[in-house]
Amino acid sequence: MKYIFLLFLTYSSLQAFEYHLKPKKVAENVYCFFGKLENINKQNAGNMVNTCFVQTNKGFVVIDSGPTYAYATQAYAQMQKISPLPVRYVINTHDHDDHWLGNSFYKEKGALLIGPRTYEQSIFKGMKTRMQRVLGKTLYGKTSIVKLDTVVDSNLSLILGNKTFEIKQLEPIAHTKGDLIVYMPEYKLVFAGDLVFNDRLTSLRDGSLLGSLKVLDAIDALDAKIIVGGHGHMTDTNATKHLKQYLSTMKNEVQNALDNGISLETVTKQVIMPQYKTMKLYDILHSRNVFDAYQELEMYEEEDE
């Protein structure tokens, strides 16, 4: 009995993590997998990100390939249940690894990879990713880093079959220094990547508070009917509102702290914003966001002098 149990454990450890992906239809021929509202851990194997795919009459276009090779494999299996079409393109919205580590699977399937210049600048074969450090060798599995086929510096229009995808960089720096959105005029639909969070807090660690506010205004100006963010389950016209309110409130309170001589060392204790304490990941991200916002606004003031 003990031998059988050990054999079972060994067999189980060799199997890929089961993500239980279920595509949700957000428009005609447009589907998304919505991740958990939590941080990366071994229990979710990185399934805390939103990824999407669009069916055209010539094949699929994937927006963000997800956190691992196994994730992409299982996402592809779900696509094939809808239609036995190839994946022609994968569009990476930015260079945070939970959004693109499925690229190698799609590359093996012959897909062309598209992404921002920052992907090409900061991602290289052999680097140890955040996902790899957190998940470990077994869960990371066959995941590997591959190069892009097309780099987008500002805008690119992609047409596949009967669908048009307008790939745009709306701001030089917002969530990161290379954020892309994908706009489908046919549906008035925006795939916003991590420029839009809802149901949980965002992170400013690689980006800009002011740029994030500007880009949210730019997304709203598109007058889209459907907005899919990188994290969170809301996709209607209210999808940007919570994040905009959070960042606007932070900007005002941090600026007030600066005006009143509050130091960087104590500002996180002053700008608590208790109305957001019930939001997912508040305890992990809010203080760091305040810290980063203070440094940005302080620098902005110095440049204006």
Margin query: Of everything in the stretch 231-267, what is assigned to a helix (DSSP H, G or I), under 15 Å from residue 203 (Cα atoms) and either in contact with a Ser or Thr (Cβ under 7 Å, 6 or more places away or on another chain) or touching a residue at least 40 places away in the same chain (Cβ under 8 Å) (or both)? Give them in sequence order.
Written below: 242, 243, 246, 247, 250, 251
Next item on the list: Tell me which residues, restricted to the stretch 191-203, are in a loop (DSSP other than H, G, I, E, B) and either surrounded by 24 or more Cβ atoms within 10 Å (Cβ to Cβ) or under 13 Å from the mean Cα position of the chain (by Cα) (or both).
Entry: 198, 201, 202, 203
Next item on the list: Scan the stretch 270-293 and report the pairs whose first residue is at positive phi and whose second residue is acidic (Asp, Glu) and surrounded by 15 or more Cβ atoms within 10 Å (Cβ to Cβ), with Cβ atoms within less than 7 Å and a gap of 6+ or a chain change.
Entry: 273/253
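Condition check ((1) part of a loop (DSSP other than H, G, I, E, B); (2) of a type outside the set (Asp, Glu); (3) within 20 Å of residue 187 (Cα to Cα)) across all residues:
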{"site": "16", "(1), (2), (3)": "yes, yes, no"}
{"site": "25", "(1), (2), (3)": "no, yes, yes"}
{"site": "44", "(1), (2), (3)": "yes, yes, no"}
{"site": "49", "(1), (2), (3)": "yes, yes, no"}
{"site": "61", "(1), (2), (3)": "no, yes, yes"}
{"site": "77", "(1), (2), (3)": "no, yes, no"}
{"site": "84", "(1), (2), (3)": "yes, yes, no"}
Checklist line | Matching residues in the stretch 45-84 - criterion: being without any contact (Cβ under 8 Å) to a residue 60 or more places away in the chain and in contact with a Lys or Arg (Cβ under 8 Å, 6 or more places away or on another chain) | finding: 47, 60, 76, 78
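When the stretch 154-178 is examined, which residues are found to be part of a loop (DSSP other than H, G, I, E, B) and either surrounded by 20 or more Cβ atoms within 10 Å (Cβ to Cβ) or modelled with pLDDT of 95 or more (or both)?
161, 169, 170, 171, 172, 173, 174, 175, 176, 177, 178
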Notebook entry, point to check: In the list 206, 217, 223, which residue meets the criterion of being under 23 Å from residue 291 (Cα atoms), out of contact with any helix residue (DSSP H, G or I) (no Cβ under 6 Å at 6 or more places or on another chain) and surrounded by fewer than 24 Cβ atoms within 10 Å (Cβ to Cβ)?
Noted result: 206
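The values are calculated or read from the model by the stated rules, or taken from the named source; none is laboratory data. Note that the structure is a prediction, hence the values are computed from the model and not measured. Ideal geometry is used to build each Cβ from the backbone, glycine not excepted, and the neighbour counts take in all protein chains shown.
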